[in-house]
Amino acid sequence: MEIAQFMHIEESIHIAVPSAVVDQIWSEVDRWHLWDPDTKQARLNGPFAVGTNGRIVPSKGVGIPMTVTERSAGRSFTVEGYIPLFRIHFEHTVSTVDGGSTVTHRVWFTGALAFLFRPSVAKRVREGLPITMRSLKAYAEKRHQTLNNNAE
């Protein structure tokens, strides 16, 4: 039985790199900690594709299993972290705009125990997501600039 989602948190940012650069960074799951200060460690037990399971360890807290639930190469991906009766969904989208890309991260919670975990987890997500987005922007732009300088 699916329980309705209880909360939706969203943050967007402009990044001055092609969307393919952002998508490449996302696909390097074991390197998420380099741009996401809320992630201590992440890994997948297979390809960056729908159905692949892994584990994510937040910078504060215990690790939880995760599964890639949506993947559209070059455009988006969603992972679901789960503990019994509680799911946290992280959706990431990128679109090409003049001068780079618009990146949006959305987070929501589902499950029978969402009411119990949501207040504390949502507070941390609301506080951390803008920082994560600025960190992704800095990481992607620096990486893109370094690659361009090396290509010259």
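At a glance:
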| read-out | value |
| --- | --- |
| Any hit, the range 52-64, residues being crowded, with 18+ Cβ neighbours inside 10 Å and touching a Phe, Trp or Tyr at 6+ places or on another chain (Cβ under 7 Å) | no |
| Test: residue 116 is within 14 Å of the chain's Cα centre (by Cα) and not β-branched (Val, Ile, Thr) | no |
| Failed item in (1) farther than 19 Å from residue 134 by Cα; (2) surrounded by 14 or more Cβ atoms within 10 Å (Cβ to Cβ), with residue 101 passing the rest | (1) |
| Extreme residue, surrounded by the most Cβ atoms within 10 Å (Cβ to Cβ), among residues of the range 132-152 that are polar (S, T, N, Q) and under 22 Å from residue 61 (Cα atoms) | 132 |
| Residue match in the range 103-111 (condition: of a type in the set (Ser, Thr, Tyr), touching a Phe, Trp or Tyr at 6+ places or on another chain (Cβ under 9 Å) and outside any strand (DSSP E or B)) | no |
| Any hit, the range 70-93, residues being closer than 21 Å to residue 9 by Cα, among the hydroxyl-bearing types (Ser, Thr, Tyr), modelled with pLDDT under 95 and surrounded by fewer than 19 Cβ atoms within 10 Å (Cβ to Cβ) | yes |
| Residues located in the range 117-131, provided they are modelled with pLDDT of 80 or more and surrounded by 17 or more Cβ atoms within 10 Å (Cβ to Cβ) | 121, 122, 125, 128, 129 |
| Residues that are farther than 15 Å from residue 89 by Cα and in contact (Cβ under 8 Å) with a residue 12 or more places away in the chain, drawn from the range 116-127 | 116 |
| Total residues in the range 30-51, condition under 15 Å from the mean Cα position of the chain (by Cα) and among the polar types (S, T, N, Q) | 2 |
| Meets criteria (buried (at least 19 other Cβ atoms within 10 Å of the Cβ) and within 17 Å of residue 59 (Cα to Cα)) for residue 110 | no |
| Criterion: touching a strand residue (DSSP E or B) at 6+ places or on another chain (Cβ under 7 Å), of a type in the set (Val, Ile, Thr) and closer than 11 Å to residue 16 by Cα - qualifying residue of 121, 94, 103, 125 | 103 |
| Flag for residue 117 being within 22 Å of residue 68 (Cβ to Cβ), of a type in the set (A, V, I, L, M, F, W, C) and in a helix (DSSP H, G or I) | yes |
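Let's see how each residue does on (1) in contact with a Ser or Thr (Cβ under 6 Å, 6 or more places away or on another chain); (2) over 20 Å from residue 80 (Cβ atoms); (3) in contact (Cβ under 8 Å) with a residue 24 or more places away in the chain:
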{"position": "93", "(1), (2), (3)": "yes, no, no"}
{"position": "97", "(1), (2), (3)": "no, yes, yes"}
{"position": "105", "(1), (2), (3)": "no, no, yes"}
{"position": "114", "(1), (2), (3)": "no, no, yes"}
{"position": "131", "(1), (2), (3)": "no, yes, yes"}
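The values are calculated or read from the model by the stated rules, or taken from the named source; none is laboratory data. Just so it is clear, the structure is predicted and the values come from calculations on it, not from any experiment. Positions of Cβ are backbone-derived with ideal geometry, glycine not excepted, and every protein chain shown enters the neighbour counts.
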